[in-house]
Amino acid sequence: MKCRIILGLSAILFFTGCYNREHISRLDEAEALLQNKPDSALTILKQLRQEGSQAEQARYALLYSEALDKNHIKVTDDSLIRQAWSHYKHYSKDLRHQCKTLYYWGRIKLRAGDKPGALRLFLKIEEKLKDTNEPYYTGLLYGQIGEVYYEQMNYSRAYHYFREVRNNFRQSDNVREETESTLDMAAFHSKDIEKAMRLYAAALDLADEQKNDHLAKASLTNLASLYVVSGKRQIPHDLLQRIELSARQDTLYGYHTLVDVNLLKNRIDSARYYLALAEAQTTDIRDLADLQYTAYRIEAQTRNFEKATDNIHRYIYLTDSLTRSNMQFSAGMVEREYFKERTDFAEYRMKNRTTWEIAAATVILLMIGVAYYITRQRLRLQRERTDRYLLLAEEANSEYKTLTERMEGQRNTENHLKGLIASRFDI
């Protein structure tokens, strides 16, 4: 009976161990596929369950959140990523998992519309990454912070972060991300058109090197808009032909590109036709404002100044409403509040540390004083005890000498009496 019980327990432990090893290996497989095949990684993770030790559950939660993000699945519930953070926050040396957890948590908050909360998480990651050499993850982080500032129309701060993004991706040899950040940087040079054109041309060269049609089309689209806005430079025929071929006629940006192409070719009727198609494709205020500005360029080119004035007024109205909505949330204020909190916390820690150091020094000095007093008292008592012992020894020695002398006198007396007795017997 005992043998059967032992064999049963051994079998249970064996199969449990095999299952755990298989679970971990499947997690390893999903993590390896996340970068290049996120859809396959998500399929594997959907077949697994969140089980095992706390570390395995946290790893599963982080990998699943990352897979959802990389597959562009918009999730606004942060309960899963919170489980990962509840584990990794206790491991301050595991910066990689801490920063990844905070990054995807911030992405979820952005999708949920909580921009202040997302920015706080991103700033916390920035603080953690200062002492590490992780240019790729630093580039991803700065890209998110730049997007927040871009949405706020704080273009100077956004440009600063996008420039850091490009530098970090260039350092980590990630050409695709470098191309995207170059496109983002060029978007902020509306006043310096020459510099913007150079950046878009550099992005186009990088896209051609990678044979990335999507990034090449983005570069060509923006180049067409810049040539329209400048109104002075003559666009090369080969470049104009390539821009026209790259434009798809079933998307907002494709129609917008065709508007720019027809403006450059001075085909006003075709430009108006594609502008109407583009306006029917969107309800976003930013896109509508951009299209109103394009309509202004069309009417200004045909010298229809009354309509051009009406379009520019609509453009001002849309950008003004966009500015008012953005004023409800200030990324700069959140950043200042965050760093103020960190500064106050550092000062509090410094004051607390100083107080504790003073208290510790006081206790140590007090202990030294007490130890010195006790030692001194013990030495004094020891000295008194020694003196007492010496005095007792001297008294014992003197009594011994007196006793010895007394015994010597008695011996002499006895000898004298013996002599007298002997002489008596002789007589």
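The values are calculated or read from the model by the stated rules, or taken from the named source; none is laboratory data. This one's a predicted model, so the numbers in the text were calculated from it and none came from an experiment. Cβ placement follows ideal geometry from the backbone for every residue including glycine, while neighbour counts extend to all protein chains displayed. Areas reflect the complete protein model, heavy atoms only, side chains present, ligands, DNA and RNA absent. Shrake-Rupley method; radii C 1.70, N 1.55, O 1.52, S 1.80 Å.
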Worksheet entry | Any chance residue 24 is touching an Asp or Glu at 6+ places or on another chain (Cβ under 8 Å), modelled with pLDDT under 85 and more than 21 Å from residue 95 (Cβ to Cβ) | yes
Worksheet entry | Sole exception among (1) in contact with a Phe, Trp or Tyr (Cβ under 7 Å, 6 or more places away or on another chain); (2) crowded, with 21+ Cβ neighbours inside 10 Å for residue 180, by number | (1)
Worksheet, complete the sentence: Of the residues in region 341-386 that are open to solvent by 80 Å² or more (accessible area, probe 1.4 Å), of a type in the set (A, V, I, L, M, F, W, C) and modelled with pLDDT under 85, the one that is nearest to residue 121 (Cα to Cα) is 345
Item to complete: Kindly state which helices (runs of 4 or more DSSP H) lie completely within region 125-217 and contain at least 1 residues that are small (Gly, Ala, Ser) and over 27 Å from the mean Cα position of the chain (by Cα).
Response: 193-210
Item to complete: Find the residue count for region 240-254, including only residues that are open to solvent by less than 30 Å² (accessible area, probe 1.4 Å) and within 18 Å of residue 289 (Cβ to Cβ).
Response: 1
Item to complete: Could you tell me which numbered condition residue 41 fails, if it satisfies all but one of (1) part of a helix (DSSP H, G or I); (2) open to solvent by 50 Å² or more (accessible area, probe 1.4 Å)?
Response: (2)
Response to the item:
Among (1) crowded, with 16+ Cβ neighbours inside 10 Å; (2) without any contact (Cβ under 8 Å) to a residue 60 or more places away in the chain; (3) in contact with a Phe, Trp or Tyr (Cβ under 9 Å, 6 or more places away or on another chain), residue 157 falls short only on (2)
Response to the item:
Inside region 260-309, the number of residues satisfying the requirement of being acidic (Asp, Glu) and open to solvent by 60 Å² or more (accessible area, probe 1.4 Å) is 5
